[in-house]
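K.L.:
One structure is given below, represented as structure tokens, and several questions about it will come after.
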Amino acid sequence: MDNTRPTPLVEDIEGTRRKLEGWLSEHRGHHVSIPTLDIPESTGMSNVTLLFDLHWEDGGEDHREPIVARLQPEIERPVFPSYDLSEQYEVMQAIARHSDIPVPELRGLETDRSLLGVQFYFMKRTEGRIPTDIPPYNMDGWMMHDTTLEQRAGLWSAAVDVMGKYHQLDYKTLGFEKLHQPGKTPLQQQLDYWQHYHDWALEGEQHVICQRALDWLYANQPHNEPTVLCWGDSRLGNIIFNEALDGVAAVLDWEMAVLGNPEQDLAWFIYLDSTFADGLGMPRLEGLPSYEQTIAQWQAASGYRADNYDYYMVFAGMRYGLILSRIMLATGQGEQLQGNFAVQLLDRHLERVGA
């Protein structure tokens, strides 16, 4: 798997450091300093992530707080056609307000682009360990080398439990009824979005396998589905586990949150794990519970049934196939649009459902 990723970079790190230092000092009402900024390499593919320590003095004592900043991307070929950091921020605020599901402690949002040219927000850095995407956690990294089989099973189960608990939340209580588009089901809204994404991401080319999946998904939509505010990017790599490796410290990355059937989060969670294994011709990480066990655990934790699991596995494969194909195009690997490992895995799922 190619390690190239279209993650946007900050060209003027020192200038950005000074501007953020000034912004935080103004909004906190006292002087704070940011000695250095760091950009981690093993992070997501769509936003800029900055790590720094915030220093200030109060009552003659020195204080320090580790901070994570997320900046809206500003590059020629982004992964998504549009970003709204304020919505991500609002999702985390709502979850913190209405549940005990752990999310990062928020420290501020700026939607005015005049300072850095993009939106940004801050959160207190949550201590813990995050499974790696590059390299995949079933090939290398701390989950492979520093955990027992029992710990791996516990981490996976903790992730499924927190996902199921999240799905018990009422999207209206959270304040996201506004995402519903009159005259369409949440699924129809999403399918229309992904058809638009296909046309935008491929820049005029048709993706044979992903378009076939979209056509099948349009023709086989389930009816009378439950609706929740789906996490959207539910996967191990978006969870911080505590240092003791016996629970979840924080749930991350809500940029794909959307109204829909909670089954789509379950399917995405399983599909993303399977891309590291079946998709790359590698074994799953030993010790992780089976997918059948995962489905049963999620049903018990969420109170929902996975009656349309096969449908949402195709839905997950279509989404991931298009996203990875966009990344291939953005990183000069256009020859892999039609045949990358994600869409080959999707093709096998389509054959399984007779599409």
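The values are calculated or read from the model by the stated rules, or taken from the named source; none is laboratory data. All values derive from a computational prediction rather than experimental measurement. Virtual Cβ from ideal backbone geometry, glycine too; neighbours counted across all protein chains shown.
K.L.:
Which of the residues belonging to the range 220-245 are within 20 Å of E87 (Cα to Cα) and β-branched (V, I, T)?
P.N.:
Once the filter is applied, which keeps residues that are within 20 Å of E87 (Cα to Cα) and β-branched (V, I, T), the range 220-245 yields T227, V228, I239.
Here is a yes/no grid of residues against (1) among the aliphatic types (A, V, I, L, M); (2) outside any helix (DSSP H, G or I):
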position: D253; (1), (2): no, yes
position: A296; (1), (2): yes, no
position: A306; (1), (2): yes, yes
position: L324; (1), (2): yes, no
position: L346; (1), (2): yes, no
position: L350; (1), (2): yes, no
position: G354; (1), (2): no, yes
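K.L.:
Just give me the residues in the range 275-294 being assigned to a helix (DSSP H, G or I), touching a helix residue (DSSP H, G or I) at 6+ places or on another chain (Cβ under 8 Å) and surrounded by fewer than 19 Cβ atoms within 10 Å (Cβ to Cβ), in sequence order.
P.N.:
Matches in the range 275-294: D278, L280, Y291.
K.L.:
Which of the residues that make up the range 201-217 are surrounded by 14 or more Cβ atoms within 10 Å (Cβ to Cβ) and in a helix (DSSP H, G or I)?
P.N.:
A201, I209, C210, Q211, R212, A213, L214, W216, L217
K.L.:
Does any residue of the range 135-146 turn out to be assigned to a helix (DSSP H, G or I), polar (S, T, N, Q) and either on the phi > 0 side of the Ramachandran plot or surrounded by 15 or more Cβ atoms within 10 Å (Cβ to Cβ) (or both)?
P.N.:
No, there is no match, as no residue in the range 135-146 is assigned to a helix (DSSP H, G or I), polar (S, T, N, Q) and either on the phi > 0 side of the Ramachandran plot or surrounded by 15 or more Cβ atoms within 10 Å (Cβ to Cβ) (or both).
K.L.:
Note down all Cβ pairs under 7 Å where the first residue falls in the range 331-355 and is free of Cβ contacts under 8 Å to residues at least 24 places away in the same chain, the second is surrounded by fewer than 15 Cβ atoms within 10 Å (Cβ to Cβ), and they're at least six residues apart or on different chains.
P.N.:
Sorted first by the residue in the range 331-355, then by its partner, the list stays empty.
K.L.:
Any residue in the range 314-330 that is more than 13 Å from A201 (Cα to Cα) and over 17 Å from the mean Cα position of the chain (by Cα)?
P.N.:
There is at least one residue in the range 314-330 that is more than 13 Å from A201 (Cα to Cα) and over 17 Å from the mean Cα position of the chain (by Cα).
K.L.:
If we scan the range 219-242, do we find a residue that is free of Cβ contacts under 8 Å to residues at least 40 places away in the same chain, of a type in the set (S, T, N, Q), out of contact with any helix residue (DSSP H, G or I) (no Cβ under 7 Å at 6 or more places or on another chain) and surrounded by fewer than 21 Cβ atoms within 10 Å (Cβ to Cβ)?
P.N.:
There is at least one residue in the range 219-242 that is free of Cβ contacts under 8 Å to residues at least 40 places away in the same chain, of a type in the set (S, T, N, Q), out of contact with any helix residue (DSSP H, G or I) (no Cβ under 7 Å at 6 or more places or on another chain) and surrounded by fewer than 21 Cβ atoms within 10 Å (Cβ to Cβ).
K.L.:
Looking at this structure, is P289 farther than 13 Å from L236 by Cβ and over 13 Å from the mean Cα position of the chain (by Cα)?
P.N.:
Taking the combined requirement at face value, the residue does not satisfy it.
K.L.:
Let me confirm something: among A201, A213, which residue is of a type outside the set (D, E, K, R) and either in the same structural domain as R77 (by TED's automatic domain parsing) or under 19 Å from the mean Cα position of the chain (by Cα) (or both)?
P.N.:
Going through A201, A213 in turn, the sole match is A201.
K.L.:
Considering only the range 119-145, state which residues are more than 17 Å from the chain's Cα centre (by Cα) and among the acidic types (D, E).
P.N.:
Across the range 119-145, the qualifying residues are E127, D140.
K.L.:
Just for the range 326-339: of the residues that are under 20 Å from E74 (Cα atoms) and part of a helix (DSSP H, G or I), which one is modelled with the lowest pLDDT?
P.N.:
Taking the candidates together, the pick is A330.
K.L.:
Kindly list the number of the only condition in (1) surrounded by fewer than 16 Cβ atoms within 10 Å (Cβ to Cβ); (2) part of a helix (DSSP H, G or I) that fails for V162.
P.N.:
It is condition (1) that V162 fails.
K.L.:
Can you pull out the residues in the range 76-106 that are crowded, with 18+ Cβ neighbours inside 10 Å and closer than 21 Å to R17 by Cα?
P.N.:
L85
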